[in-house]
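Just so it is clear, none of the values below were taken in a lab; they were calculated from the coordinates. All values derive from a computational prediction rather than experimental measurement. No Cβ is skipped: glycine too gets one built from the backbone with ideal geometry, and neighbour counts run over all protein chains shown.
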Amino acid sequence: MKISYAWLQEYFEEKLPTPEKLADLITMHAFEIDSITPIGHAASKDAACPPTDWLLDVKVMPDRAHDCMSYWGIAKEVGTLTGLEVKPMIFPVEGDEAVKTSGLINLKVKSENCRRAMKRVAIGVTVGPSPKWLKNRLESVGQRSINNIVDIANFVMLETGQPVHTFDLDKIEGNSKSESLISKQITIRNAKNGEKVKTLDGKEFILDESMLVIADEEKALDIAGIKGGAVSGIDDNTQNVLLSACNFDPINIRQTSKSLGLRTDASLRFEKDISPTLAEIAMDYLSFLVKEIAGGYLASDVIDFYPNKAVAPQISISEDDINRLLGLKIKEKEIEDIFRKLRFEFKKSGFKNSKKPNFYEVVPPIERRDINLKEDIAEEVARIYGYEKIPAHLDTPRPSGRGVSHDANFLKIEQARRQLLAEGYSEVYTYTFQNKGKVELANPLAEDKKFLRANLSDGLKESINLNIKNLPLLDANEVKVFEIGSVFGKDEAKSSEAESPDASKEAFREEIHVAYGDKKEVKEMKLGDYIKDISKELSFVQSAEDVKYKPISIYPFISRDIAVWMPDGVESDQVFKVIKQNAGELLAREPKLFDKFTKPARPDDSGRSGGEGRTSYAYRLVFQSQDRTLTDEEINAIMAQISAKIGQNSLWQIR
Amino acid sequence: MVNKSKPEAGLPREALAKWGHEHPLSIVINDIVSIFGEMDFAVALGPEVEDEHHNFDALNIPAHHPARDMWDTFWLKRSGDRSPDHPSDDLGKKLLRTHTSPVQIRYMENNQPPPAGGLKIISPGKVFRYEATDATHEAQFYQVEGLYIGKDVSLAELKGVIKKFFEKFLGSDVEIRFRPSYFPFVEPGVEVDIKFKGKWLEVMGAGLVHPKVLENVGYDPKKWNGFAFGGGVDRFAMLKYGVDDVRLFYKGDLRLTDQF
């Protein structure tokens, strides 16, 4: 959630830490801050033009979204972390005794998926543009201003985390034919199969009976908890408004939102299981702002359907429990201090005359629905105390006594791998997703990645073809590769039985295979079959501590050969070194010796006395650049340089 | 277990060509297994095709829970599915495991009751995420998961084990830190950052095993607790060797393997 720093500051009398310090504090004790973006004159780093605001991108985790997808929620966290006092959320709402919601509205809730419903009427409001401060607030977090009533509702949701909605009361059917505003029937009910709702943005959705709507006697007014309907939307002529703050079952909202493909700011909050207690704060806030900004008369009463009141859990935990779980030695006083910062209510209990440690009965704030277990309390203490203060213990040896016994397949894979490496095969990994196979994905990433591989050979053949093209760049003189991995099939006998819709009876087969090969042939078999015939004596051989990966160039390479006659008794190393040292930075890999033959000692044609034989060493040099295509001319120049160096040694002779 | 000396060393250059090269991810996985092996962790493996029970439910990620959004999942097609885009919600759905955590569940289910001295496993393996690929994201990649079940296991011990791992894997000068995070199967849950080449990098998720997970496998949370951690093997390899594109690991390209 994007949080405006200036907006957040409104919750505090005292000055907040700088955006960077605040971000660091939140990251280390609550939520990761993905980024800090300066706003206003910001972009320039000119000190004379400092930013007017900063946007903190707060990564609220799913377990805290129910209480922290809001300014108030974040402000409370910041209060806990900084010790600064958060302004209370109390609003002086002045209702008019002459206006009664209960006289104008009759509310019926016909679904258990509605856990709370609060309604209040406001009469004679003036719809118009929002005041500048409100526009600015919404725009600072990328929301467009629509009109004062709609903006207030959006603002209240961002402030409290409680989605609220406003209906045009006069668009709600029910006795509307008579001029007097007599009680209208509003029902929160399951939709009818096929019932249509056109949302505020003009899109039509077809609902089913698993979904909730808020309806009048004739039609659905909105998709409850997800999006308002066009039929009851606020417009410039709206005079009378129904203010609404509800709470819905999170699973029901999530399912509806998923099956309609409609995710909104409201559904994202309801699906996280926000506390029903937020509704009353939001209703007060909404009422207060509507009266303040749009005028009119507020009803003195609020209809409040709230059959099962939320109750905060009471959790027993001792000082010892906390320290045992965290590996710390925090004192009682410090624990109690952290409880207070977290606004936990707690009292100490214990058994008199007992050696058992005293424990706390802890009641978290009612809006914190994620705290139910000892472990939850321990986590809260740990993050406020600071994870950085948790020591790293490695001094508790456990009696294992039996040595480590690894999974049998893992050992077989290792054994197969060593064997293949020793035989000169290099290891590759290829993709599990293929364009053919027996097991199909319901949601493939692409048409040619629809299946799970039924073999390793197809991928290995592609690998061989790719590597043959690059052979001069490679270590070996021929391409020999292997892969060990899982392949997938279906049990033929069972799947041919019938097109059974009961998929659990479809027998998937997942097997570890070994495949290896070269350009002539690829062999593939089950791991167990491969293992049968190989020696078990190969030791593990890998070490890559010093490897520094060199990026693979996308530019073509050029290869050149050079062969040199050397007198007997001179190691090939010497000419290898001269070639390597003079080849320069464009040399893509070590020169590769690809041919070697020896002429025995005998008198040569010129009649010189014999006695010395000589050997020809032929090297292949491969040149490639990381950033451009090389030209023949520059490589010719390098080769000339190498030849010249070799020529300096009178006993060496370039063939 | 692992012989760190290269048998090739000392062989003439011509003989070098006879040895094949090992894939960097295999090397990293063996390093991990070796380091945790010294701390008594045994390798456990599990299937790549999983069911919802092991991949989600038993890990305290129930159906319809918003936390499921943390794992974009590939589902297998079944003959009974109404439409390929919306696999039906029926039971018995198969998926490609989105993490190696189901191996914990399988291992605990198969070890009843836990051995008196507790258990320690390390599970490397291939996992899958339904997401677009780029230089830092792959739809298939490797994870490694560790689990320790014992008595009175603390967050400090978790920190000790992870610290030792990174010191051995990346060098003794590496710093580690914990930060608050959330994974449904641990509580408390933390993010593990390491300071590598002067920068803090997120490398693992970890925490104490959630009591509900223990209950789900039939372990009594009053008697047993433990820690679990998991991280991306590809990312470890990229950090250690400076590989700049995760996709290179799966291209079957010897220009990569040859460097190791």
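Tabulated results
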{"read-out": "Low-density loop positions, trypsin sites (Lys or Arg not before Pro), the range A:265-353 - DSSP coil, at most 12 other Cβ in 10 Å", "value": "A:LYS309, A:LYS329, A:LYS331, A:LYS352"}
{"read-out": "Among the listed pairs A:LYS309/A:LYS348; A:LYS100/A:LYS184; A:LYS135/A:LYS291; A:LYS412/A:LYS526; A:LYS490/A:LYS526, those beyond 20 Å (Cα-Cα)", "value": "A:LYS309/A:LYS348"}
{"read-out": "Integer Hz, Karplus 6.51/-1.76/1.60 couplings in order for the range A:430-447, x for Gly and Pro", "value": "10, 7, 6, 7, 10, 8, 9, x, 9, 10, 9, 8, 6, 10, x, 6, 7, 4"}
{"read-out": "Chain B: C-alpha gyration tensor shape, a/c 1.5 cut-off, then a/b vs b/c", "value": "oblate"}
{"read-out": "Residues whose placed amide H lies under 5 Å from that of A:GLY128, excluding near-sequence neighbours", "value": "A:ASN148, A:ILE149"}
{"read-out": "Cβ-Cβ FRET estimate between B:GLU202 and A:ASP201, R0 fixed at 35 Å, reported to 0.05", "value": "0.40"}
{"read-out": "Distance violations [Cα-Cα > 30 Å] among A:LYS258/B:LYS94; A:LYS550/B:LYS168; A:LYS258/B:LYS251", "value": "A:LYS258/B:LYS251"}
{"read-out": "5 angstrom amide H check on B:THR73, placed H, neighbours 5+ away", "value": "B:TYR130"}
{"read-out": "Distance between the range B:170-228 and the range A:407-454 - C-alpha centres, whole angstrom", "value": "30 Å"}
{"read-out": "Percent breakdown of C-alpha pair distances by 10 Å bin, ordered from the shortest bin, for the range A:213-362", "value": "8, 24, 24, 18, 15, 9, 2, 0"}
{"read-out": "Cα→Cβ-extended label distance, 7 Å offset, between A:THR126 and A:ALA446, nm", "value": "6.1 nm"}
{"read-out": "Point-to-point label distance, B:ALA116-A:PHE594, nm (Cα→Cβ direction, 7 Å offset)", "value": "6.7 nm"}
{"read-out": "Only Lys, Arg (+1) and Asp, Glu (-1) charged, at Cβ; chain A dipole about Cα centre in debye", "value": "1160 debye"}
{"read-out": "Neighbour-count ranking [beta-carbon atoms within 10 angstrom, fewest first] of A:THR277, A:THR166", "value": "A:THR277, A:THR166"}
{"read-out": "Vicinal HN-Hα couplings computed from phi for the range B:118-124 (Karplus, 6.51 cos²θ - 1.76 cosθ + 1.60; Hz; Gly/Pro x)", "value": "x, 9, 9, 10, 10, 10, x"}
{"read-out": "Eligible aspartates and glutamates near A:LYS198 by straight Cα distance, threshold 16 Å, same-chain separation 8 or greater", "value": "A:ASP168, A:ASP208, A:ASP216, A:GLU218, A:ASP222, A:ASP235"}
{"read-out": "Over 22 Å between alpha carbons, listed pairs A:LYS469/B:LYS18; A:LYS523/A:LYS596; A:LYS347/B:LYS223; A:LYS599/A:LYS645", "value": "A:LYS523/A:LYS596; A:LYS347/B:LYS223; A:LYS599/A:LYS645"}
{"read-out": "Cα lying deepest toward the dipole's positive end in chain B, options B:TYR219, B:THR100, B:GLY146, charges on Cβ", "value": "B:GLY146"}
{"read-out": "The protein assembly as shown, Cα convex hull volume normalised per residue, Å³", "value": "220 Å³"}
{"read-out": "Residue-averaged [θ]222 nm for chain A, counting only DSSP H segments that reach four residues, each worth -39500 (n - 2.57)", "value": "-8500 deg cm²/dmol"}
{"read-out": "Percentage relative contact order, chain A, counting C-alpha pairs under 8 Å, at least six apart", "value": "10 percent"}
{"read-out": "Long-range amide H partners of A:ALA588 with built H, under 5 Å", "value": "A:VAL622, A:PHE623, A:GLN624"}
{"read-out": "Likely footprinting exposure, B:TYR182, B:TYR241, B:TYR130, fewest C-beta neighbours within 10 Å first", "value": "B:TYR130, B:TYR241, B:TYR182"}
{"read-out": "In sequence order, calculated HN-Hα J values of the range A:202-212 (Karplus, 6.51, -1.76, 1.60; Hz; x Gly/Pro)", "value": "x, 7, 9, 10, 9, 9, 10, 6, 7, 9, 9"}
{"read-out": "A:LEU394/B:THR133 FRET efficiency (R0 41 Å; Cβ-Cβ; nearest 0.05)", "value": "0.60"}
{"read-out": "Rounded if a/c under 1.5, otherwise prolate or oblate - the range A:101-305, Cα gyration tensor axes", "value": "rounded"}
{"read-out": "Ranked list, fewest to most other Cβ atoms within 10 Å of each Cβ, for A:LYS548, A:LYS461", "value": "A:LYS548, A:LYS461"}
{"read-out": "Chain A: angle of helix A:457-469 to the longest principal axis, Cα-based, in degrees nearest 10", "value": "60 degrees"}
{"read-out": "Distance from the range A:302-341 to the range A:126-164 (C-alpha centre basis), Å", "value": "35 Å"}
{"read-out": "Linear extension gain, A:LEU630 paired with A:GLU13, 0.36 nm per residue minus alpha-carbon span", "value": "215.5 nm"}
{"read-out": "Added length on full extension, which subtracts the Cα-Cα distance from 0.36 nm per residue, A:ILE251 to A:GLU94", "value": "52.9 nm"}
{"read-out": "Residue with peak Gaussian network fluctuation, chain B [Cα springs, cutoff 10 Å], from B:VAL33, B:VAL43, B:VAL103", "value": "B:VAL43"}
{"read-out": "Relative contact order of the range A:70-163, pairs being alpha-carbon contacts under 8 Å that are 6 or more residues apart, as %", "value": "34 percent"}
{"read-out": "Chain A: angle of helix A:408-422 to the longest principal axis, Cα-based, in degrees nearest 10", "value": "40 degrees"}
{"read-out": "Estimated dipole of the range A:315-389 in Debye, rounded to 20 [Cβ of Lys and Arg +1, of Asp and Glu -1, Cα centre]", "value": "320 debye"}
{"read-out": "Cα-projected label distance for A:LYS348 with A:ILE554, points at 7 Å along beta-carbon direction, nm", "value": "6.8 nm"}
{"read-out": "Length gained when the stretch A:LYS258-A:GLU85 is fully extended (0.36 nm per residue, less Cα-Cα span)", "value": "58.3 nm"}
{"read-out": "Per-pair calculated FRET efficiency, R0 = 45 Å: A:LYS192 and A:ILE366 via Cβ, rounded to 0.05", "value": "0.80"}
{"read-out": "Three-way shape call for the range A:408-533 based on the alpha-carbon gyration tensor, with the a/c threshold at 1.5", "value": "oblate"}
{"read-out": "Unit charges on C-beta of K, R, D, E only; dipole of chain B, Debye", "value": "520 debye"}
{"read-out": "Euclidean distance between Cα centres, the range A:10-26 to the range A:187-250, Å", "value": "39 Å"}
